[in-house]
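Structure first, commentary second.
The values are calculated or read from the model by the stated rules, or taken from the named source; none is laboratory data. Note that the coordinates shown come from a computational prediction; the quantities given were computed from them, not determined experimentally. When we count neighbours, we look across all protein chains shown, and the Cβ atoms used for this are built from the backbone with ideal geometry, even at glycine. These area figures cover heavy atoms from the full protein model, side chains too; ligands, DNA and RNA do not enter into them. Shrake-Rupley method; radii C 1.70, N 1.55, O 1.52, S 1.80 Å.
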Amino acid sequence: GAVVSQHPSRVICKSGTSVKIECRSLDFQATTMFWYRQFPKQSLMLMATSNEGSKATYEQGVEKDKFLINHASLTLSTLTVTSAHPEDSSFYICSAPFPMGGPQHFGDGTRLSIL
Amino acid sequence: DAKTTQPPSMDCAEGRAANLPCNHSTISGNEYVYWYRQIHSQGPQYIIHGLKNNETNEMASLIITEDRKSSTLILPHATLRDTAVYYCIVREGSYSGAGSYQLTFGKGTKLSVIP
């Protein structure tokens, strides 16, 4: 069964709306989670590393004020796309590694469509 | 940049073994080889990983060459549900902080299982 739950699976909203995506680790604690973005026919690109109890680390070129990350507990990280525009439309995927070097497990992704 | 090279696409007849190659000539001594796959519009699914010994689980087998510069993922009896993009990724195995969890995705191999 799934070990990482991501919600919602699909969002369609108007330009200027803020959208929150949740990522939960099931039955294990994750001090670190990762957020990826995938555009059509491209590979996954790491956006940021979410750290429980501290600030997220963003990859070069990712706007931290636009993509707000909150790692509120050992099982939950949220990504908020603020004032979303059509160019933010993409497939957003989170992942969480099993503790101490274990493999990462991924959520089923969120398809975000901004009209 | 991804540290691995994979063929962009492969076909396999249903019921036959699918052998997916991966070159990782610059792999270092403490890096593991991980395989994931991504079925259309889903998050990546962990398949298997290994360091230098061959590995087998309920999903697949992983064969790593003695010099560790290449590996092959084997799906012993491919089904239509195995149609996906398969990613070969090298990653540091020992835990040295959140960064050691990071995965860098290349373009992968699109496997098409044909009836």
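Let me check something: with ligands and nucleic acids excluded, how do A:Asp27, B:Asp11, A:Asp88 order by accessible area (1.4 Å probe), largest to smallest?
Largest accessible area first, the residues go A:Asp27, B:Asp11, A:Asp88.
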Charged-residue dipole, Cβ positions (Lys, Arg, Asp, Glu), the range A:1-71 about Cα centre, Debye nearest 20:
320 debye
Averaged across the residues of B:101-109, what count of C-beta atoms belonging to other chains lies within 10 Å of each residue's C-beta?
5
Quick check for you: which residues of the range A:1-44 have the amide N under 14 Å from the point 7 Å beyond the Cα of A:Thr82 toward its beta carbon?
A:16-20
Between B:Leu51, B:Leu62, B:Leu73, find the one with the highest GNM mean-square fluctuation for chain B; connect C-alpha pairs within less than 10 Å.
B:Leu51
Report the one residue of B:Leu75, B:Ile27, B:Pro7 whose Cα lies farthest in the direction of the positive end of the charge dipole of the range B:1-91 (charges on C-beta: Lys and Arg +1, Asp and Glu -1; origin at the Cα centre).
B:Ile27
Would you kindly work out the equivalent ellipsoid of chain B from its C-alpha gyration tensor and give its semi-axes, the square roots of five times the eigenvalues, largest first in whole Å?
23, 15, 12
How far, in nm, would the chain grow between A:Ala72 and A:Ser9 when pulled straight, counting 0.36 nm per residue and subtracting the alpha carbon separation?
20.6 nm
Using the C-alpha atoms of the range A:39-98, what convex hull volume per residue, in cubic angstrom, is computed?
98 Å³
Among all the aspartates and glutamates, which ones have a C-alpha under 18 Å from A:Lys64's C-alpha, if same-chain residues fewer than 8 places away are not counted?
A:Glu22, A:Glu52, A:Glu87, A:Asp88
Quick check of the Kirkwood formula: for the range A:8-114, what is the inverse mean of 1/r over all pairs of different Cα atoms, in Å?
13.9 Å
Calculate how large, on average over all directions, the projected area of the Cα convex hull of the protein assembly as shown is; give the answer in nm² to one decimal.
12.5 nm²
Straight distance only, please: which lysines reach the Cα of A:Lys14 with their own Cα at less than 21 Å, same-chain residues fewer than 8 apart left out?
A:Lys66
Setting aside same-chain residues fewer than 8 positions from B:Lys3, which aspartates and glutamates have a Cα under 19 Å from its Cα?
A:Glu59, B:Glu31, B:Glu66, B:Asp67, B:Glu92
Under the Karplus relation with 6.51, -1.76 and 1.60 and θ = phi - 60°, whole-Hz ³J(HN,Hα) for the range A:21-26, x at Gly and Pro, equal 10, 9, 10, 10, 8, 9
The set of residues whose placed amide H lies less than 5 Å from the amide H of B:Ser112, leaving out same-chain residues fewer than 5 positions away, is B:Met10, B:Asp11, B:Cys12
At a 4.7 angstrom Cβ threshold, list every cysteine in the protein assembly as shown that has nobody to pair with, or say none.
A:Cys13, B:Cys12
Given H placed 1.01 Å from N in the peptide plane, which residues other than close sequence neighbours of A:Val4 have an amide H under 5 Å from its amide H?
A:Leu26
Per-residue ³J(HN,Hα) for the range B:4-12, Karplus 6.51 cos²θ - 1.76 cosθ + 1.60, θ = phi - 60°, Hz, x for Gly and Pro:
10, 10, 10, x, x, 8, 8, 10, 8
